[in-house]
Amino acid sequence: MANESTTAAAGVSALGVRRRFGTVEAVRGMDFTAPAGAVTALIGPNGSGKTTLLLMLASLLAPDAGEVRIGGLDPVTYPGEVRRSVGWMPDTLGIWDSLTATEILVTMGTFYGMPRPLAQSRAAELLHTVHLGDLADKPSRVFSRGQQQRLSLARALIHDPAVLLLDEPASGLDPGSRVDLRMLLRRLADEGKTVVVSSHVLSELDEMADRAVFVAGGETVKAQSLADAGEQARWYTIRALDSDLLLHGITSAGTPYRMQDAERRPALQVRLAGEDAAADLLRSLVGAGVAVTAFAPAGGALEETYMSLDTDRR
Ligand SMILES: Nc1ncnc2c1ncn2[C@@H]1O[C@H](COP(=O)(O)OP(=O)(O)OP(=O)(O)O)[C@@H](O)[C@H]1O
């Protein structure tokens, strides 16, 4: 991950942004930073203001108050430059369902000022990247939901933007396509691009993101690096061939525990301060002759943070 202080100007930021729709204050004083060279996850419950924030970062929606900077530029003062530097992937493909995949990408490329031959070669390259080469000449209305998502991703990338904003990019994707998406976003971040991803699938973000910003009720509630999230205290699930022996081993180690609810196979959960504590406990259980069959964090690091924030659903 790139150094945040040197890359902040190249990334995106929002300071104290607000946006109201009638009586609903969708975003109320949000602060958000996504440095270049990293994947930043935007996490929050339904209705917490993620899409509204992303639309403001994409300069498709003006904030009522506060400031947005894209690569150091104010979208209000430099709308053209900012639009050209941002790739936006909404959660639905939306428009142009009678055009073919290639036509959509080439049209979009020319909107961004790309010469047609360049847009055509870039379109072919991107359709190959998102595994839609075989459907290049089919109208997008025949595409499945997952295929539309992949086309939407290609569309966001057509002009090789420095900043990529993706709203729920993995929804509708099959497991193989999710892995492809993760690897692609990782590569783009490693090339120095700013990548912001909103998603509810926290396990996926655990694998893909360098840092996470948690929002609730239109406000930022926490920002955390994945390294810090991995270090925090969390629940581990433990199983053994002999559950009584496991319970004895846990109580003799003095570790607080809980029984996992109504499971097909009995398991204990223990709360441990970090990976060192986990390694110590596993060593002591095995040393005491407990035949441990499973020993792993009960949930992902981001899920642990999310649940601890006790955010409201609206
Ligand atoms: N165009 C609009 N008109 C009226 N209310 C809106 C509009 N857009 C968003 N809202 C409201 O603003 C709040 C935030 O919506 P937003 O779509 O930003 O949330 P979100 O975090 O992206 O939610 P989800 O996880 O469900 O996609 C919600 O209460 C929503 O109903």
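Taking the criterion of being acidic (Asp, Glu), surrounded by fewer than 17 Cβ atoms within 10 Å (Cβ to Cβ) and at pLDDT below 90, would at least one residue in the stretch 268-285 satisfy it? There is at least one residue in the stretch 268-285 that is acidic (Asp, Glu), surrounded by fewer than 17 Cβ atoms within 10 Å (Cβ to Cβ) and at pLDDT below 90.
Within the stretch 35-55, being among the aliphatic types (A, V, I, L, M) and in contact with a helix residue (DSSP H, G or I) (Cβ under 8 Å, 6 or more places away or on another chain) holds for Ala36, Ala38, Val39, Ala41, Leu42, Ile43. Of the candidates Ala65, Ala10, Ala36, Ala41, the single residue that is farther than 17 Å from Phe214 by Cβ and buried (at least 21 other Cβ atoms within 10 Å of the Cβ) is Ala36. Among the residues making up the stretch 217-230, those that are out of contact with any helix residue (DSSP H, G or I) (no Cβ under 7 Å at 6 or more places or on another chain) and assigned to a strand (DSSP E or B) are Glu219, Thr220, Ala223, Ser225. Among residues of the stretch 207-232 being acidic (Asp, Glu) and at pLDDT 85 or above, the one that is farthest from the chain's Cα centre (by Cα) is Glu219. With respect to (1) in contact with a helix residue (DSSP H, G or I) (Cβ under 7 Å, 6 or more places away or on another chain); (2) buried (at least 19 other Cβ atoms within 10 Å of the Cβ); (3) hydroxyl-bearing (Ser, Thr, Tyr), the lone exception for Ser85 is condition (1). Once the stretch 215-231 is narrowed to residues that are among the aliphatic types (A, V, I, L, M) and away from the ligand (no atom under 16 Å from the Cβ), the residue that is surrounded by the fewest Cβ atoms within 10 Å (Cβ to Cβ) is Ala227. Looking at Val76, Val82, Val86, Val24 in this structure, which one is in contact (Cβ under 8 Å) with a residue 40 or more places away in the chain and assigned by TED's automatic domain parsing to the domain that holds Leu188? Answer to the selection: Val86.
Let's see how each residue does on (1) in contact with an Asp or Glu (Cβ under 8 Å, 6 or more places away or on another chain); (2) under 24 Å from Leu126 (Cβ atoms); (3) not in a strand (DSSP E or B):
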{"position": "Leu153", "(1), (2), (3)": "no, yes, yes"}
{"position": "His159", "(1), (2), (3)": "no, yes, yes"}
{"position": "Ala170", "(1), (2), (3)": "yes, yes, yes"}
{"position": "Arg182", "(1), (2), (3)": "yes, yes, yes"}
{"position": "Val197", "(1), (2), (3)": "no, yes, no"}
{"position": "Glu204", "(1), (2), (3)": "no, yes, yes"}
{"position": "Ala212", "(1), (2), (3)": "no, no, no"}
{"position": "Trp235", "(1), (2), (3)": "yes, no, no"}
{"position": "Asp244", "(1), (2), (3)": "no, no, yes"}
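Restricting to the stretch 88-111, give me the number of residues that are closer than 22 Å to Gly133 by Cβ and surrounded by 13 or more Cβ atoms within 10 Å (Cβ to Cβ). Within the stretch 88-111, residues that are closer than 22 Å to Gly133 by Cβ and surrounded by 13 or more Cβ atoms within 10 Å (Cβ to Cβ) number 16.
Close contacts from the stretch 166-183, counting a first residue that is of a type in the set (Lys, Arg) and a second that is more than 14 Å from the ligand (Cβ to nearest atom), with Cβ to Cβ under 6 Å and a gap of 6+ residues or different chains, come to Arg182/Glu207; Arg182/Met208.
The values are calculated or read from the model by the stated rules, or taken from the named source; none is laboratory data. All values reported here derive from a predicted model rather than from experimental measurement. All Cβ positions, glycine included, derive from the backbone under ideal geometry; neighbour counts span all protein chains shown.
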